[in-house]
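Engineer: Supplied in structure tokens, the structure appears directly below.
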Amino acid sequence: MLNTLFLIVFTFFQQPLEKAQEFYQQRKYDSAIWLANSIQEDSYDKLNLIGSSHFYLGQYDSSIYYFQEVLRLENISTSNQINSLNRLGQSYQRLGEFDECLEHLFEALRIQEAEVSKEKNEDNLILLSRIQLSIGTVLDEIGDSDRAIGYYKNTLATRKELQDSLGMARVFNNLGIVYKNALKYDSALINYKQGLELLPNSNPNLTVQWQLITNLGNLYKRMEKNEDAKAALTQAVTISKKLNNATLQSDSHLNLASFWHSVGNYGESERNLMLALELSSETGNTYELYDIRKNLADLYESWDKKALAYDQLVLANQYRDSLFQEEKEKAIAETLIQYETEKKEQQIALQNAQLAEQNVINQRNYLIIGILVIFVLLLITLAILIKNKASKQQEILRKEGEIQLQEAELKATVQSQEQERKRFAQDLHDGLGQMITVLLLNIKSLESRLLDEKNIFQSSTQILEGMYDELKAICFNLMPDTLIRFGIEAGIREFAQKINDTGKVSIRVKATGLEERLGDIQEVSLYRLAQEWINNIIKYSDADQIEVILEKNWNQLLFQIKDNGSGFDLNQLKKGKGNGWRNMNSRAKILKGDLQISTSPMQKGTTLKLIATLEESLILEPEY
């Protein structure tokens, strides 16, 4: 209420659009939207401001709606049209709808190229380079690195024509990241160095310099050029101090700590992690604090300081729990914002309709206006009462459905755990139990000397080796050591190799963008998804070729499994009484994604696909 009164008083002395733009500049996006919606007449400035505010609030569907409304305006300028197409492309990119994204970006590129051919001025070239850069970024995100490199080079040529050294340095940084992700380290090295050479020796742009130096240092580390890596990462620390940015300083010390850990200098690694911890404690960034504690736990584990490693792991898990709570609160807040925004839009639409109706009635006579206004008010009151009643009923039904779904998921989880315990007990009884019995008989025969001691020794050795192999197999089924130590890519490759060794099925694994580890829960969820689906393929399909694809681009994750076996009726899977499909959906929800299956009894081959948006607070972003 106080905020509303403040806005009313403030806007009494100032034009609503000007004040809304001021709120937008201050990043008070909710206030900007509220105030701009109070303006009756649609214009580019109004719709662009509302759409941009929704975009920065992460409400991409609403952003798309308003920029589409911009394109419907009459007499819109070419530059405004291109800006709206570009923002539409970015909104679809955030939603993972890359076909729609590229369609709008290529439309913007076509229009802007025509403008440049008419008049090659600075403004047109700058706008052209921005569109080229956006297209390159999207192509890089979907894994089309060759085309991405092509558009980045086009951007580079445009910036060169503008004699924009700083812009060229930024593009070289992007090119270096693409080449590094494609494992073309020499090309990445060349581009990072070219970017640095474009920065002036005196008074360079410190932010761009820090990005290039940091990426260069991490590349040297990956190439095992330790002296060069140490020098670059140390320089990144110095630059971050000049920027007086606590977050960048913390990241720089964290990168340097990772380097010292990799070369076995645990003392220096600990010192830098403690500096990073102190800086992140000042900013209060929960994810940074979780990541630092996790790195400290890994360091102490390597250092054979088990007690300290355990303490740091406990603290890291506390931050992880806090992150999950923040995620939950953020999701609730976003839902409330979306609901309130939609409600305001409906109210505004209704008010506009009433005003239009009143203008028509005013042309007739004031008496009819009064009667109709009273009638409309009664209808609105009745509609609100009916709508509120229906909304309450829908809310009750929705909550009941959620409770039933949670109960079903809990039941499926408990049943799966019981089945796993039963299988584990059976493995121990049938495998290790029988071997121990035979070994016991061998030892007792030594007492009575019924058999030759050498034969008994050889037999006992074979039994112990069999027990070890059996124990390793049981441990692998419970939680593969490779997954815990080296991450999701190594874990799936090991699982695939064990199946390939049977000679019955060939599994090929393709992974990109996973140089940095995902979260523990995310990796286990992905591994269990792959394990469950591949076992189903082997059990129920006649496939002999399986392909597993894992691609991570910033906060977008693509997980896909393809096979050449017989298709099946998807409805039978969803209606089945088994727990496998429910468990897979539960794990997909943990990853903030939805499972999609492309199959049919009449076709050959089946594809399982998961596209997940990894929240920025839950993933490590090493590139800048």
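Engineer: Figure the gain on full extension for Gln497 and Lys160 (residue separation times 0.36 nm, minus the Cα-Cα span) and round it to one decimal in nm.
Structural biologist: Between Gln497 and Lys160, full extension yields 116.5 nm more.
Engineer: Shifting gears a bit: Go through 605-611, 591-597, 118-124 and give me the packing order, highest mean Cβ count within 10 Å leading.
Structural biologist: So the peptides 605-611, 591-597, 118-124, ranked by packing, come out 605-611, 591-597, 118-124.
Engineer: Once label points are set 7 Å from the Cα along Cα→Cβ at both Ile597 and Val376, what is their separation, rounded to one decimal in nm?
Structural biologist: My value for the distance between the label points is 5.3 nm.
Engineer: From the Cα gyration tensor of the stretch 545-599, with a ≥ b ≥ c the square roots of its eigenvalues, which class applies: rounded if a/c is under 1.5, or else prolate if a/b is larger than b/c, or else oblate?
Structural biologist: oblate
Engineer: Classify the stretch 13-74: rounded, prolate or oblate, from the alpha-carbon gyration tensor (a ≥ b ≥ c, eigenvalue square roots; a/c under 1.5 rounded; otherwise prolate if a/b is larger than b/c)?
Structural biologist: In terms of gyration-tensor shape, oblate.
Engineer: Leaving ligands, DNA and RNA out of it, report the carbon-plus-sulfur percent of the accessible area of the stretch 107-206 at a 1.4 Å probe.
Structural biologist: 45
Engineer: Rank by packing, highest mean first: peptides 19-28, 273-282, with packing defined as the count of other Cβ atoms within 10 Å averaged across residues.
Structural biologist: Answer by packing, highest mean first, reads 273-282, 19-28.
Engineer: Would you mind checking the stretch 74-100 for residues with the amide N under 16 Å from a putative spin-label position 7 Å along Cα→C-beta of Gln68?
Structural biologist: Taking a point 7 Å out along Cα→Cβ of Gln68, the residues of the stretch 74-100 whose backbone N falls under 16 Å are 84-100.
Engineer: Let me ask something additional. What is the calculated FRET efficiency for Ser43 to Asn455, with r their C-beta to C-beta distance and R₀ = 56 Å, to the nearest 0.05?
Structural biologist: So, using R0 = 56 Å, E works out to roughly 0.05.
Engineer: Rounded, prolate or oblate, given the Cα gyration tensor of the stretch 21-174, with a/c below 1.5 counting as rounded?
Structural biologist: Prolate, since a/c reaches 1.5 and a/b exceeds b/c.
Engineer: Another question about this same structure. With labels modelled as points extended 7 Å from the Cα through the Cβ direction, what inter-label distance (nm, one decimal) is found for Thr234 paired with Ala383?
Structural biologist: With each label placed 7 Å out from Cα toward Cβ, I get 7.2 nm.
Engineer: Hey, what's the stretch 21-81 come to in accessible area per residue, 1.4 Å probe, Å²?
Structural biologist: That works out to 52 Å² per residue.
Engineer: Calculated FRET efficiency, Arg110 and Thr437, Cβ-Cβ r, R0 60 Å, to nearest 0.05?
Structural biologist: Here the calculated transfer efficiency is 0.20.
Engineer: Measure out, as a whole number of angstrom, how far apart the alpha-carbon centroids of the stretch 208-267 and the stretch 501-558 sit.
Structural biologist: Going from one Cα centre to the other spans 32 Å.
Engineer: Take peptides 35-48, 387-400 and line them up by average Cβ neighbours within 10 Å, highest first, as a rough protection proxy.
Structural biologist: Descending mean neighbour count gives 35-48, 387-400.
Engineer: Given an 8 Å cut-off on Cα distances and at least 6 residues of separation, report the relative contact order of the stretch 475-596 as a percent.
Structural biologist: Answer for the stretch 475-596 is 22 percent.
Engineer: Sort out for me the Cα centre separation of the stretch 49-92 from the stretch 564-587, rounded to whole Å.
Structural biologist: Each part's Cα centre sits 39 Å from the other's.
Engineer: If I take R0 = 25 Å and measure r between the Cβ atoms of Asp186 and Asp144 in this structure, what FRET efficiency does the formula 1/(1 + (r/R0)^6) give, to the nearest 0.05?
Structural biologist: 0.70
The values are calculated or read from the model by the stated rules, or taken from the named source; none is laboratory data. Note that the coordinates shown come from a computational prediction; the quantities given were computed from them, not determined experimentally. Don't worry about glycine lacking a Cβ; one is built from the backbone with ideal geometry, like all the others, and counts go over all protein chains shown. Just the protein is used for accessible areas: all its heavy atoms, side chains included, with ligands, DNA and RNA removed. Shrake-Rupley method; radii C 1.70, N 1.55, O 1.52, S 1.80 Å.
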